[in-house]
Amino acid sequence: MGAQNYRAFFDEALRQIEEEFRQKGQENDYSMWIKRIEYLEDTPSSITVSVPSDFFWAYMTQHGYIAIIEERIKNLLGQDIPISHVASNKPVAPASPPAPKAVPLQTESDEKQDREEPRASASRTEENPQKTVSVRKHPQLLEKYIFETFVPGDNSDFAYKASLAVANNPGQNDRYNPLILYGGVGLGKTHLMQSIGNQVYKNKGDEAKICCISAENFTNEFTSSLAAQKIDKFKNKYRGLDLLLLDDIHFLINKKGIQEELFHTFDALRSKKAQMVFTCDRPIPELKGIEERLATRFNWGTAIDLQPPDYETRRAILQKKLAILDKHIPPDVVDYIAKNMQTNVRDLEQCLNKMLGYAELVQKPLTIDIAQKELRDSFSQPANGSITVEIIQKVVANRYNVSLNDMKSIKRNKRVVVPRQVACYIARNLLDISYPDLGYEFGGRDHTSIMHSCKKVEDQIKMDSNFDAQVQALVKEIKDYKK
């Protein structure tokens, strides 16, 4: 057994999380999932834990539980300590009561699950030929994101083929440099972008200078370099790359300093035939707040939209996922999920994982009746696309008798501040939207202001049951809103 320098912080983090789950009435979720993690060892920069299976770990990660633990350790310790795992493959006994309901947690990490800078803790799958991945492993790329595990359909075929072409011949075709993949959350942008990185690394290894980073971390690194008077080091690092994978460029909106730096980095990379791949949540023309000269550079390449998959593609995705996991569920359950979950690939996989989790932990054969019962809440949620920030602002403004302009204004009197904070809180919880993007939707506010608003409402809800009821009534009205 290795060192356990962080054991005390880990135990305290779990104690605090258990208390929070208890207050929320989610004791069963804690007992079924988080409590089953066993601390093994640590290094100065990581913690290793034991979990019952790779599937168990995948479910924990996808539902944000690992991110919650890591965030709590960071708060206690003052530094990021990523958690990796070892699968013990011990049989998992049913928890009590036997049929708990896994509730996805609304956390900041939830919003950024695909956007986070990935850590080298992906499940190992060498034992199954269908799960073979590249032997080479880049520290910033997840091994699971490869072309072999992506299921293209009418919604994504162009993006898939363009990404494959870029991966096999990076930087050599100006038509695809940069390649921009845009669309809603959970549609495969990050999967394709990282697949490009993994393919290039597989072909060229360490000879290829590859960087995969979120626009937020890119900005933070730039700011830190300025403060430390090491900007030349920053420039040399990024302008010397062979492949730049930059996630979520919409984060750069209204940030002139980093936009200028990216502009010069762009020119330096393209002049040396280095490949650039960007992801975004919307088309380039809709990126208001991006300087014209940088937007023009983006338009030099090809921007491809990813849409939600159709039924046939959704079913194929589920079958592919089952093959990768070497799992089986009844065909009618697969069909039920494919027909009813129409939002995005991430939600589709969450439904599948919930069914697999039920079968593994409760140890009962899956039936269509069980699927209908356990997935009822998942299917009743409206598609993200049916609710927008503007709809939330309209409904809340109408309820508080203020104008839509007031929501986005600089007014700070209580009559306007309260509904604005409520709208921010609801938007944050209903939509997969970052704090910076939410700030842009509310008149260009700083992300710290949005975080404060959300925390203010969250605290008020805990203290005032009447206020909680008002917010829930607004949420219902928003979900029922007819354009």
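The values are calculated or read from the model by the stated rules, or taken from the named source; none is laboratory data. Just so it is clear, the model here is predicted, and its values are computed rather than measured. Note that we place each Cβ from the backbone using ideal geometry, even for glycine, and neighbour counts take in every protein chain shown. All accessible areas refer to the heavy atoms of the entire protein, side chains included, with ligands and DNA or RNA removed. Shrake-Rupley method; radii C 1.70, N 1.55, O 1.52, S 1.80 Å.
Key figures for this structure:
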{"read-out": "Residue within the stretch 324-335 that is basic (Lys, Arg) and either assigned to a loop (DSSP other than H, G, I, E, B) or surrounded by fewer than 17 Cβ atoms within 10 Å (Cβ to Cβ) (or both) present", "value": "yes"}
{"read-out": "First in the stretch 180-209 and more than 14 Å from residue 155 (Cα to Cα) and in a helix (DSSP H, G or I), second anywhere and modelled with pLDDT of 90 or more and among the hydroxyl-bearing types (Ser, Thr, Tyr), Cβ under 6 Å, 6 or more apart", "value": "191/145; 193/279; 194/145; 195/145; 196/163"}
{"read-out": "Candidates 282, 270, 297, filtered to the one that is farther than 26 Å from residue 448 by Cα, open to solvent by 30 Å² or more (accessible area, probe 1.4 Å) and in contact with a helix residue (DSSP H, G or I) (Cβ under 7 Å, 6 or more places away or on another chain)", "value": "297"}
{"read-out": "Count - residues of the stretch 134-163 that are outside any loop (DSSP other than H, G, I, E, B) and either more than 20 Å from residue 308 (Cβ to Cβ) or touching a residue at least 12 places away in the same chain (Cβ under 8 Å) (or both)", "value": "8"}
{"read-out": "Positions within the stretch 273-287 being in contact (Cβ under 8 Å) with a residue 60 or more places away in the chain and either in contact with a Ser or Thr (Cβ under 7 Å, 6 or more places away or on another chain) or not in a helix (DSSP H, G or I) (or both), in sequence order", "value": "273, 274, 275, 276, 277, 278, 279, 280, 281, 282, 283"}
{"read-out": "Qualifying residue in the stretch 424-432 (condition: without any contact (Cβ under 8 Å) to a residue 12 or more places away in the chain and either surrounded by 15 or more Cβ atoms within 10 Å (Cβ to Cβ) or in a helix (DSSP H, G or I) (or both))", "value": "no"}
{"read-out": "Members of the stretch 33-57 that are of a type in the set (A, V, I, L, M, F, W, C) and either modelled with pLDDT of 80 or more or in a loop (DSSP other than H, G, I, E, B) (or both)", "value": "33, 34, 37, 40, 47, 49, 51, 56, 57"}
{"read-out": "Top-ranked residue of the stretch 175-185 - restricted to ones that are out of contact with any Cys (no Cβ under 9 Å at 6 or more places or on another chain) and open to solvent by less than 10 Å² (accessible area, probe 1.4 Å), ranked as farthest from residue 268 (Cα to Cα)", "value": "179"}
{"read-out": "Subset of the stretch 354-376 [among the acidic types (Asp, Glu) and either open to solvent by 40 Å² or more (accessible area, probe 1.4 Å) or in contact with a strand residue (DSSP E or B) (Cβ under 6 Å, 6 or more places away or on another chain) (or both)]", "value": "360, 369"}
{"read-out": "Failed condition for residue 216, given (1) open to solvent by 40 Å² or more (accessible area, probe 1.4 Å); (2) farther than 22 Å from residue 436 by Cα; (3) in contact with a helix residue (DSSP H, G or I) (Cβ under 8 Å, 6 or more places away or on another chain)", "value": "(2)"}
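Results for (1) open to solvent by 70 Å² or more (accessible area, probe 1.4 Å); (2) assigned to a strand (DSSP E or B); (3) farther than 23 Å from residue 197 by Cα; (4) touching a Gly at 6+ places or on another chain (Cβ under 6 Å), shown as yes or no for each residue.
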site: 265; (1), (2), (3), (4): no, no, no, no
site: 289; (1), (2), (3), (4): no, no, yes, no
site: 304; (1), (2), (3), (4): no, yes, no, no
site: 308; (1), (2), (3), (4): no, no, yes, no
site: 339; (1), (2), (3), (4): yes, no, yes, no
site: 343; (1), (2), (3), (4): no, no, yes, no
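Conditions (1) open to solvent by 60 Å² or more (accessible area, probe 1.4 Å); (2) within 18 Å of residue 186 (Cβ to Cβ); (3) in a helix (DSSP H, G or I); (4) basic (Lys, Arg), marked per residue:
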site	(1), (2), (3), (4)
352	no, yes, yes, no
378	no, yes, yes, no
392	no, no, yes, no
397	no, no, yes, no
411	yes, no, no, yes
